Amino acid sequence: MLFGREHVERYQASDGEEGHDWLKGTTVLLLTTTGRRTGKSRTTPLIYRTDGPDFVVVASNGGAPDSPSWYKNLTTHPEVGVQVKGDRFTARARTASEAEKERLWPRMAAVWPDYDEYQAKTDRPIPVVILQRTA
């Protein structure tokens, strides 16, 4: 099973033929953010679902007390790169409102039930992120 850097490299090289379909029937996109301190591009494979034309990801960090770096990066630099299979595009990332999260969380937890466990083990509210295509 693909993880981390190898997941990103194989996904990119195969236009998602390797890496898009992942564990337990989930699907994965690649999110490229700009480092808030370094300015360097960083690419992370993330489980996603669609919501109309938008893509939705969860900043769970496995239920750790702190948000993942990719989430911190996009709060500083919301213009991101996204790859879904062979489709590469830019998007604007934003944290879902409470009402949006209420609607989207059950959909995300349905595809990856561990999200509920992650939320139970941390005091921080886990953000749901909406990626809106810009180009």
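Solvent exposure of the chain, expressed per residue, is 52 Å² of accessible area, with all protein chains present and a 1.4 angstrom probe.
For the chain, carbon and sulfur atoms together expose 49% of the accessible surface, with a 1.4 angstrom probe and every protein chain in place.
Multiplying the residue separation of R133 and S41 by 0.36 nm and removing their Cα-Cα distance gives an extension gain of 31.3 nm. Total lysine pairs in the chain at Cα distances under 26 Å, for residues eight or more apart or on different chains: 10.
Show D123, D116, D51 ordered by accessible area, largest first, where the area counts protein heavy atoms only and the probe is 1.4 Å.
Values: D123 160, D116 80, D51 35 Å².
Of D123, D116, D51, the descending order of accessible area is D123, D116, D51.
The phi torsions of region 113-118, fed into the Karplus equation with coefficients 6.51, -1.76 and 1.60 and a -60° offset, translate into couplings of x, 4, 4, 5, 5, 4 Hz, rounded to whole numbers, with Gly and Pro shown as x.
Listed options for semi-axes √(5λ) of the Cα gyration tensor in Å are (1) 21, 18, 15; (2) 26, 18, 14; (3) 29, 14, 13. The value calculated from this structure is the one marked (1).
Here region 26-119 is assigned +1 on the Cβ of each Lys and Arg and -1 on the Cβ of each Asp and Glu. Its dipole about the Cα centre then comes out at about 500 debye. One Cα centroid belongs to region 1-49, the other to region 91-118; the line between them spans 18 Å. On the basis of the beta-carbon distance and an R0 of 35 Å, A120 and E9 show a calculated FRET efficiency of 0.55.
The values are calculated or read from the model by the stated rules, or taken from the named source; none is laboratory data. Treat the numbers as computed from the prediction; the structure is a model and nothing was measured. With ideal geometry, Cβ positions are generated from the backbone for all residues, glycine too; neighbour counts draw on all protein chains shown. The area values use the complete protein model at the heavy-atom level, side chains included, leaving out ligands, DNA and RNA. Shrake-Rupley method; radii C 1.70, N 1.55, O 1.52, S 1.80 Å.
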